[in-house]
Amino acid sequence: MQARIYLFAVAIVLLALASLPATLQFPSSAQVSTFIGPRVWPLSLIIALLMLGCALLVMTWRDSRRSKHEPAQSATPNSESASEREGGDAALVRKLSFATTRHWWLMAATVGYTVLMQSIGFVAASVLFTLVCTLLLGARSWWVIVITVTVAVVLMQGVFVSLLGIPLP
């Protein structure tokens, strides 16, 4: 398992490093007429990605060193899997399988958002994207969903159009 985490962390760091040169070519705030230039947000995300990837590498390395020095713990007779405790309930299995694939659904929603933005416009695509993501993340109350979608779309529209002065499709 730790090999997979190492591989993921290295991939994150490499992605951040590969994206850095292209991001640094974006115009700064001094080159455009806005308070925050087009470079600020992508550069902030890349720096955060780089720091979090490095932190994951360090934590995984530290945990692997700790586990090598600690004695292996024997399994207790009462240690049984969650599905055995629940009697193998099919609903639990479905819930676990959805929880294990939720990140893929979020990534698919992001790709769909990007595609839809060009065809139906930013506001409509943002409403659909926020609605889908809110449902995927587990919101079930319609009031919570409506408030989340409304606040998110207003904030996105306000930040891009008012603060950054970026025209949206």
Check on A108, at pLDDT 70 or above, part of a helix (DSSP H, G or I) and farther than 30 Å from V159 by Cα: no
Quick check on segment 25-34. Is at least one of its residues surrounded by 12 or more Cβ atoms within 10 Å (Cβ to Cβ) and assigned to a helix (DSSP H, G or I)? no
Taking segment 123-143 and keeping residues assigned to a helix (DSSP H, G or I) and more than 20 Å from the chain's Cα centre (by Cα) leaves V123, A124, W142, W143
Restricting the search to segment 144-169, which residues are under 19 Å from S119 (Cα atoms), open to solvent by less than 70 Å² (accessible area, probe 1.4 Å) and not in a helix (DSSP H, G or I)? I166, L168
Out of (1) among the hydrophobic types (A, V, I, L, M, F, W, C); (2) open to solvent by less than 80 Å² (accessible area, probe 1.4 Å); (3) modelled with pLDDT of 90 or more, what's the single condition that is false for L92? (3)
Among the residues of segment 21-39, what is the count of those that are modelled with pLDDT under 85 and of a type in the set (A, V, I, L, M, F, W, C)? 4
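The values are calculated or read from the model by the stated rules, or taken from the named source; none is laboratory data. Quantities reported herein were computed from a predicted structural model and do not represent experimental measurements. Cβ coordinates were reconstructed from backbone atoms using ideal geometry, including for glycine residues, and neighbour counts include every protein chain displayed. Just so you know, the surface numbers come from the protein's heavy atoms only, side chains and all, with ligands and any DNA or RNA stripped out. Shrake-Rupley method; radii C 1.70, N 1.55, O 1.52, S 1.80 Å.
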